[in-house]
Amino acid sequence: MTKYAEILEKYTDSILIQGIRKQDSTILQYIYRKYYPSVERYILKNQGNNQDARDVFQEAIIITYRKSLNPDFQLESSLKTYIISISKYLWLKDLRNKKTEDEALVTYAITEVPQDINEAFIKKHQRYKIYQENYKLLSKECQKVLNLYFKEIPITEIAKRLNYKSTNFVKKKKYECKERLIQLIKKDSRYKEDE
């Protein structure tokens with residue numbers, strides 16, 4: 001075992017959570033190496049393929065990242081159990097959505113999901129993901145305008161930063177960009193207005 005590998009073996013869950021918060025590539029690689037194979041095996045045994053496993057695991061890491069940003073975030077199990085449980089829950093939810101559910105699997109998912117991960121959180125996470133992906137489809141100019149607006153930068157400051165001649169132009173541009181984003185989201189096949 002190399003010295004580098006020995007150091008990696010000494011990571012505690014606390015250090016791993018800090019690494020996830022900082023999006024530290026070394027920590028994330030470690031987590032993939034250590035935890036991904038369990039998720040992959042589970043998904044392959046339950047009607048999935050390698051791409052499904054990668055997608056689900058990536059979502060579980062993103063959810064863990066978002067949860068870890070909350071200052072009150074505390075693990076009630078090991079980080080490995082937490083991430084694998086989220087992955088299983090997401091996969092079983094996907095199976096239910098595909099109408100290929102297995103009753104025993106669904107029951108397992110409901111009993112094994114971490115307490116801070118529930119249907120409402122997953123729905124909110126999925127909406128956020130839809131928003132992010134559609135936001136990236138906007139022009140760079142719209143992204144800049146909305147980004148500054150969402151950061152609550154005053155309209156006069158936005159006009160200065162983007163070299164716009166008037167605050168009225170900023171307001172008009174912000175409105176157009178928001179409307180474009182809303183249209184993109186509503187056209188997204190994953191978006192459901194009734195939710």
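Just to verify a result, which residue in the range 55-80, among those that are part of a helix (DSSP H, G or I) and hydroxyl-bearing (Ser, Thr, Tyr), is nearest to Ser25 (Cα to Cα)?
Initial filter on the range 55-80 (part of a helix (DSSP H, G or I)): 55-68, 79-80.
Now drop any that are not hydroxyl-bearing (Ser, Thr, Tyr), which leaves 64-65, 68.
Working: Thr64: 15, Tyr65: 13, Ser68: 16 Å.
By that ranking, first place goes to Tyr65.
A quick yes/no check of all residues on (1) surrounded by 12 or more Cβ atoms within 10 Å (Cβ to Cβ); (2) within 30 Å of Lys171 (Cα to Cα); (3) at pLDDT 85 or above; (4) in contact with a Gly (Cβ under 7 Å, 6 or more places away or on another chain):
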| residue | (1), (2), (3), (4) |
| --- | --- |
| Ile63 | yes, no, yes, no |
| Ile86 | yes, no, yes, no |
| Ala109 | yes, no, no, no |
| Ala120 | no, no, no, no |
| Gln132 | no, yes, no, no |
| Leu148 | yes, yes, yes, no |
| Ile153 | yes, yes, yes, no |
Residue in the range 134-146 that is surrounded by the fewest Cβ atoms within 10 Å (Cβ to Cβ), counting only those that are touching a residue at least 24 places away in the same chain (Cβ under 8 Å) and farther than 24 Å from Ala159 by Cβ
Leu137
Could you look through the range 160-169, keep only residues that are at pLDDT 90 or above and either of a type in the set (Phe, Trp, Tyr) or part of a helix (DSSP H, G or I) (or both), and pick out the one that is surrounded by the fewest Cβ atoms within 10 Å (Cβ to Cβ)?
Asn168
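For every residue, the table says whether it meets (1) part of a helix (DSSP H, G or I); (2) closer than 25 Å to Gln58 by Cα; (3) of a type outside the set (A, V, I, L, M, F, W, C); (4) within 22 Å of the chain's Cα centre (by Cα).
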{"residue": "Phe121", "(1), (2), (3), (4)": "yes, yes, no, yes"}
{"residue": "Arg127", "(1), (2), (3), (4)": "yes, yes, yes, yes"}
{"residue": "Cys142", "(1), (2), (3), (4)": "yes, no, no, no"}
{"residue": "Asn147", "(1), (2), (3), (4)": "yes, yes, yes, yes"}
{"residue": "Lys172", "(1), (2), (3), (4)": "yes, no, yes, no"}
{"residue": "Cys177", "(1), (2), (3), (4)": "yes, no, no, no"}
{"residue": "Arg180", "(1), (2), (3), (4)": "yes, no, yes, no"}
{"residue": "Leu184", "(1), (2), (3), (4)": "yes, yes, no, yes"}
Counting only residues that are within 29 Å of the chain's Cα centre (by Cα) and in contact (Cβ under 8 Å) with a residue 12 or more places away in the chain, which one in the range 149-170 is farthest from Gln126 (Cα to Cα)?
Ile158
Which condition number does Asp94 fail, the rest of (1) in a helix (DSSP H, G or I); (2) at pLDDT below 80 being met?
(2)
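The values are calculated or read from the model by the stated rules, or taken from the named source; none is laboratory data. These numbers come from a predicted model, not from an experiment. Cβ coordinates were reconstructed from backbone atoms using ideal geometry, including for glycine residues, and neighbour counts include every protein chain displayed.
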